[in-house]
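A.B. asks: Take this structure first; my questions come after.
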Amino acid sequence: MSNPSKVLIIYTGGTIGMVEDPETGSLHPFDFDHLLNEIPELNKFDIELEAISLENPMDSSNMGPEGWVELIGIIEENYNDFHGFVILHGSDTMAYTASALSFLLENVNKPIVFTGSQLPIGKIRTDGKENIITAIEIAADYENGRPIVPEVAIYFEYALYRANRTTKVSAENFEAFQSPNYPLLAEAGVHIKYNRFAIRKAEDKPLLARKDIVEDVASIRLFPGLQHKVFKAICDVPDLKGLLLETYGSGNSPTHTWLAEEIIKLNEKGVIVVNVTQCITGKVMQGKYETGVHLERAGVLSGQDMTYEAAMTKLMYLLSCKELSVEQQKQFMQTNLRGEMS
Ligand code: ASP
């Protein structure tokens, strides 16, 4: 590859790519072949930019394993030709897609930076321009021939986050994301200040892309009054392979005998059950209270301080690793694979 750095911008949809029709005021996606017309500031970069769009850009509520695979295919095909990648994505499920890619793409050693915006590019107060411009800068930032951020990340409103540590916290503020249990990878002010201690070290291994994603998973968010028949209906879903249990506090649940019994039955069927907390910060410690100990005894795995998004996509990823036994999948579920748990 030659200098200047080459960055591939991949448009998947979402608010960021919308412009306002001057006559009707309605929003519609802009033509990505004309990206540079919409953001003329990009011409000032000493970075070679190319843009590509998913076949059918979408609101990110419609994004899922099918879209992830299309995205993974684009990255895989172009991986050796670019220094970095910027993925424009709706913010609603960005934390899921970005977490999913952090697992499904093994041995990432280049920046893959997701960004989006709360206001469309075509709106005068848009947050999209700064987000794209800085995301590109980060994706192209190399030092001594090596990328500064060789991992999957999200850039939003002056902050760079590890993708699989993020969660969307605001539908209103420009600061839409948080990384509750892990420091920022960088902060953008006058300069981009990288927190090098928090950035993963890359390994020089070839990229491996998983595209055969197992979707036989479910989650149950506990609430006071959750009935056995509801819990059982989910446990009895045919072909279920993984279940996330969203528990209280440090991983606690009611001590109903039916709850432990349903979980024991799931374990006997080889279904992997993982405990994640409903709290935004802190972690699951199943040994702390009796209300957690009974889950541990029933065979529930601790999701520790993983976000819901990371735990769900990691579960899908590990279930997709058909070369692993269920026992190995369980072991990896509790192992830090991509910096997703402390
Ligand atoms: N609904 C939009 C989406 O997630 C919101 C956004 O782009 O931020 O696609």
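The values are calculated or read from the model by the stated rules, or taken from the named source; none is laboratory data. All values derive from a computational prediction rather than experimental measurement. Every residue, glycine as well, gets a Cβ built from its backbone with ideal geometry; the counts of neighbours run over all protein chains shown.
Each row is one residue, and each column tells you yes or no for (1) out of contact with any Lys or Arg (no Cβ under 8 Å at 6 or more places or on another chain); (2) at pLDDT 95 or above; (3) part of a helix (DSSP H, G or I).
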residue	(1), (2), (3)
Lys229	yes, yes, yes
Lys232	yes, yes, yes
Asp239	yes, yes, no
Leu243	yes, yes, no
Glu246	no, yes, no
Thr255	yes, no, no
Ile263	yes, yes, yes
Asn267	yes, yes, yes
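A.B. asks: Here is a list of conditions, (1) over 22 Å from Glu309 (Cβ atoms); (2) within 16 Å of the ligand (Cβ to nearest atom), and Ser117 meets all of them except one; can you say which number that is?
C.D. replies: Single failed check for Ser117: (1).
A.B. asks: Which one of the conditions (1) within 16 Å of the ligand (Cβ to nearest atom); (2) outside any helix (DSSP H, G or I); (3) at pLDDT below 95 does Ile124 fail to meet, given that it meets all the rest?
C.D. replies: Going through (1) within 16 Å of the ligand (Cβ to nearest atom); (2) outside any helix (DSSP H, G or I); (3) at pLDDT below 95 one by one, Ile124 breaks only (1).
A.B. asks: Moving to a separate point now. Would you mind telling me which numbered condition in (1) in a loop (DSSP other than H, G, I, E, B); (2) out of contact with any Ser or Thr (no Cβ under 7 Å at 6 or more places or on another chain); (3) surrounded by 24 or more Cβ atoms within 10 Å (Cβ to Cβ) Ser117 fails?
C.D. replies: Failing condition for Ser117: (2).
A.B. asks: If Gly145 passes every condition in (1) more than 25 Å from Asn181 (Cα to Cα); (2) of a type outside the set (S, T, N, Q); (3) away from the ligand (no atom under 16 Å from the Cβ); (4) crowded, with 23+ Cβ neighbours inside 10 Å but one, which one does it miss?
C.D. replies: With (1) more than 25 Å from Asn181 (Cα to Cα); (2) of a type outside the set (S, T, N, Q); (3) away from the ligand (no atom under 16 Å from the Cβ); (4) crowded, with 23+ Cβ neighbours inside 10 Å applied to Gly145, the lone miss is (4).
A.B. asks: Can you tell me which residue is nearest to Glu137 (Cα to Cα) among those in region 82-104 that are part of a helix (DSSP H, G or I), of a type in the set (Gly, Ala, Ser) and more than 11 Å from the ligand (Cβ to nearest atom)?
C.D. replies: Only one residue tops the list, namely Ala98.
A.B. asks: Look at region 183-208 and say how many of its residues are within 30 Å of Pro120 (Cβ to Cβ) and aromatic (Phe, Trp, Tyr).
C.D. replies: Matching residues across region 183-208 total 1.
A.B. asks: Another one. Residue under question is Ala153, and the condition is that it be surrounded by 19 or more Cβ atoms within 10 Å (Cβ to Cβ), touching a residue at least 60 places away in the same chain (Cβ under 8 Å) and touching a Phe, Trp or Tyr at 6+ places or on another chain (Cβ under 7 Å); does it hold?
C.D. replies: Spelling it out, it is not the case that Ala153 is surrounded by 19 or more Cβ atoms within 10 Å (Cβ to Cβ), touching a residue at least 60 places away in the same chain (Cβ under 8 Å) and touching a Phe, Trp or Tyr at 6+ places or on another chain (Cβ under 7 Å).
A.B. asks: Lys205 - would you say it is of a type outside the set (A, V, I, L, M, F, W, C), surrounded by fewer than 19 Cβ atoms within 10 Å (Cβ to Cβ), over 17 Å from the mean Cα position of the chain (by Cα) and over 17 Å from His83 (Cβ atoms)?
C.D. replies: yes
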